[in-house]
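Below is one structure, written out as structure tokens; the observations come after it.
We did not get these values from a lab; they are worked out from the coordinates using the rules stated. What you see is a predicted model; the values in this text were computed from it and never measured. Glycine gets a Cβ as well: all are built from the backbone with ideal geometry, and neighbour counts include every protein chain shown.
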Amino acid sequence: MLSEEELPRDALTGLPGREFIEVLDPPFNVREAGRSWSVLMVDLHGLEAVLESHGRLVADQILQQTAYMLARHTKHSDEIILYEHALFALVLPRTNRSQAVNLALRLAGNLKKDEYPENARVPFNLGIAESSEDDRNLSALVERALKSLDASRAMGPGRIAAFPGSDASQGRPVFDYFVDRAEQLEFLRRALDSSLSDGLEAVAILGPPGTGKTRLALELDHYARFRGCLFGRESPLDTRFSDDPDILGAILRKLKKASGTGQPGASGPGDSVDGLISLSMTRPVVAVVDDLQSAGQEDLERIASLVRRGTGGRILLVLSARTPLPGPVSEWLDTLGLFTSLRRLDIPPLSPESSFDLVSLALGTTGMDRDRVEELINAAGGNPGNLVEIAANLDLFLSREPRKPAGAHQKASHPARMADLMAFRAESLGVELRRFLSAVSVIPWSFSEDEACFLLDADRAKISGLAAEACGCRLLEAVEKDDPSSAKPGGLFRFSGEAVRAFFEPAGCERRMLMTRLGDFHSASDCSSACRVRRSAYCYFHGLDPAMALDSILASADDAARRNAHREREEWLGLYVSTALEMTTPPQDFVQRCLDLGELARRHGRRTYAIERFRTAAAMSATPEESFQPLLLLGKCLIESGDFASAKGCFDRMEALPSPSPEVTMTSRVALAQLMHSTGHTKEAAGLLSDVEGWMEGGMEGLGSSRLRSEFLRVYGTILAADGDPSSGIGMCNEALEIAEKSGDAREQVKVLSALSWIMAPGGAWEERYRILKNAGSTARASGDMEGLAGVWAGLGSVHMSLNQVETAESFTEKAALLAEKVGCPALGVDSEIITGLAELHRGEKETALRRFSAALESANRLGDARSSLVCSMNAARILGSLGSHAQARALLESLDAVGVPARAGRRLHADLSFCKGVVEYQASAVEGPDTLNEALDHIRLARSLYSPNDSLADLEAAWFEARCLRDLGYGSESAALAEESCRRIGRLMDSVDSSFVREDFGQTDFIMGLLMLGCDAGAGVRRPPHTASRR
């Protein structure tokens, strides 16, 4: 026998011929026991037709291209042989039939997609055979592979067939290989490559049960290891009721164990996120979260925190979820898409062609009638899980006729056929086994034999036998514990699929009785771990008497608080409140628990839910003193959401109630001042807090918490700035920021930074505002403050809008509006509408902008937001004036005078309103003459007298209109002097701006350009900003 080096090789492909089979016989004969070899035949039987139609050169190129493709997709240990012309034999050591089928599906996908010279098409077929223990030479295995290839050809071009292996000889079809999802797997590979080069990537794999979502994610493991990545997968179903329910922590432990850095203990919620980010800096990470639809709010928040904070980490986050998604998870995914380019991968049903191949491969034969095969495919509905179930119970499926819907003559749909199949399977089971499966189906986690023994009051030997029988029927599957020595009640068994569990699960009273008994098992256990407490709380809540769950629910909530798992604590308190509301007499601490739950929901951006809880607490309060705190929290929550009219009702009710403490009294006064400022009573709000300022100066640190002191300074500083003293406002906000930073109150820091940016807006300070808002945005993202982040995005939109960067402004504004809607903050939605209206006005879409401002005005009036209402009215009036509707514009502004807005709105808004009146009168002067110009001049000069020195930008715009009025009235020298002075101010203002892109865009502002033109006409020596000449 010739050695490998002496064997001739094909000159075109460099591959050995069929003689190489004999060279491989010795290693095949000494293969490890239990280790299979497989042979895969690839036949390009259409190559002869290509030779005749396109010539030998094209045929040779196709053969060579195919050889290279096979080499790219096989391992170093695999051997490729040119068995005959256009027939390749792949010898695959240590490869079972399932793995060979997996490879065949990939090769078939590439053969279909490959582009050949002159667009030639080459039909192909593939055949597979797996070795058995009795095989003594490789030639017999090749002969079986050739028989499979003949069967594949009989089915038509492009098909795959596998010779029946040992499993088939035992009557069990093989169906445990990866479904042909080559395109979806390539999608995941590209996402992984992107995460290595560009930082964190997130992919959501969505699809019905049984479509191969988990298998697809796990298939990525091979490529991840090839790229040097760590790979970890966990499911909330496995972690939620474990000793450490942090799903990212569980993934982190697996990754560290795989990397050889040890297996850490339980970690805090922040530790797991930081740990994953830190680990990804040393080695890339693929983290797979399976069964996302079952994740709790705490797990969702941890995942969101990883996305917000881990943008620089080399992390691929894969989220697998069963559709249809629960509402909260669907909304959460939409919100997550605002922070990262979340890629969605919807798993489609299998095509009829792929289903046909899979059925044929699973059965290991092509002898079945094609009509029967198509019947299987139709019943499965393109779902691989259904195909598995049908193939495993083929005789039962084919022996029963489908049940027809009542009054229908058409064939039953595939869900009905699958339900029938499950019913037929259940009928064939014994009574004891059905009773066992029905009892354990209520357990939402993988269950132990101890739990089953307690539920059925049976001995362990009987339960072990029933579990083994269920596993033999493929209804249950065994689950290995992470730690075999652990005493935790972690499951040893679980159902093979959700559809199986749902079929056996009882309903109504029987289910509640079983849940109560399961709760008894965990509450009576000698091991009183937090895991068992959570399980008993869950079981009692869904049992016969939910009131039995109150103590364990509170214990679970306290445990979550100790772990800083605030969203999990919110979930447990939600169960407590809903249970207590069903009782005739709620527990004594019910009101306080409602307040705790409302505060958590408010903190997590679930404001509507928080408002409901505060209202419940106020209604259930037993005494007037007890109702003061719920009303205060409700009022503050309504103020934050922008519902000022409802908030005013809360404070009106509080006037007649005694306050429980001086700190609560001060808190209510600060909140009331904020409400008065928002509703347009800025001067009264300043008066309300002026005596508080003196009160707190004597002993500010001892009279309230750090949050109260920071809140007071922020609110008072904002009010003073609105009343014409921005310097004091900035100083107070800086002091508030220092207090919030020392106390670590991230949400208050975001509020203070946003207030600082708002105060600085009339003076320009674009770079400073941009820096402040970026800092606020980073803090909001890290802390999960979605409302604060929406406000930051709205502020950034305002900054970019003032610089004429319209597209960027609209992008930020759109995201702010979406996020504001999700967190239940309509006031921020009104702010976003105002900025969008300004962008439309900038593009010359006056009618569209007018409609938008009118709609925003209605929303602001409905909320009682007087300040936003005033801004909308002024913008609408200016548009009406520019459209020639001067009477309507004046009527709109006079309506504001009628309700006393100028007297109570604060100095800055009074100045803005006077300036707006001047602009409207100037617009009307083109028709009405000099008298109207004089009125315009008076209003504009009043506005300029009200603006503070810090309001430089607003004053410059007013100066432009004043100069134009003077010019049109014939005061040319005064107009020129004013324009020249303004131009010098513009130069100083532009010199204070460092960033070239800000200076350039600032120079495009309409009133700045108008002043420059007036100044140039007057001979003012001021340089133009870039592009001014072309714009003029």
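Placing a label point 7 Å from the Cα of residue 807 along the Cα-to-Cβ line, the residues of the stretch 330-346 whose backbone N sits under 20 Å from it are 341. A Förster radius of 45 Å, combined with the Cβ-Cβ distance separating residue 341 from residue 861, puts the computed FRET efficiency at roughly 0.75. In this rough spin-label picture, where each label sits 7 Å from Cα along the Cβ direction, the residue 53-residue 99 distance is 3.8 nm.
Each label point was placed 7 Å from the Cα along the Cα-to-Cβ direction; for residue 110 and residue 278 their separation is 4.2 nm.
Among 961, 590, the ranking by other beta carbons within 10 Å of each residue's beta carbon, starting with the fewest, stands as 590, 961.
Which entries of 774/822; 648/815; 683/815; 751/822; 213/462; 846/917 show an alpha-carbon separation above 24 angstrom in the structure shown? As for pairs spanning more than 24 Å Cα to Cα, those are 648/815; 683/815; 213/462. Ordering of 822-828, 77-83 by packing is 822-828, 77-83, highest average first (other Cβ atoms within 10 Å, averaged per residue). Less than 16 Å from a label point 7 Å out along the Cα-to-Cβ axis of residue 706: which backbone N atoms in the stretch 304-327 qualify, by residue? Counting backbone N atoms under 16 Å from the label point, the list is empty. Among 434-441, 222-229, the peptide with the highest mean count of other Cβ atoms within 10 Å heads the list, and the full ranking is 434-441, 222-229. The residue among 720, 761, 708 whose Cα reaches farthest toward the positive pole of the charge dipole of the stretch 704-851, with charges on the beta-carbon of Lys, Arg, Asp and Glu, is 708. Packing, taken as the mean count of other beta carbons within 10 Å per residue, orders the peptides 603-615, 135-147 from highest to lowest as 603-615, 135-147.
Set the Förster radius R0 to 51 Å, insert the Cβ-Cβ distance between residue 427 and residue 583 as r into 1/(1 + (r/R0)^6), and round the FRET efficiency to 0.05. Step by step, r from the Cβ atoms, then E = 0.75. Taking a Cβ cut-off of under 14 Å around residue 82, the surrounding Lys, Arg, Asp and Glu residues balance to a net charge of -4, with basic ones at +1 and acidic ones at -1. The calculated Kirkwood hydrodynamic radius for the stretch 537-598 is 11.5 Å, given to one decimal from all distinct C-alpha pairs. Sparsely packed loop sites in the stretch 68-130 (the trypsin sites (Lys or Arg not before Pro) outside DSSP H, G, I, E and B with at most 15 other Cβ atoms within 10 Å) comprise 75, 94, 121. Extending 7 Å from the Cα toward the beta-carbon at both residue 60 and residue 153 defines two label points whose distance is 2.6 nm.
Fewest neighbouring Cβ atoms within 10 Å first, the residues 316, 216 line up as 216, 316. Between residue 225 and residue 75, the contour length at 0.36 nm per residue exceeds the Cα-Cα span by 52.6 nm.
Could you compute the FRET efficiency for residue 665 and residue 561, with r as their C-beta to C-beta distance and R0 at 30 Å, rounded to 0.05? Result of the calculation: an efficiency of 0.60.
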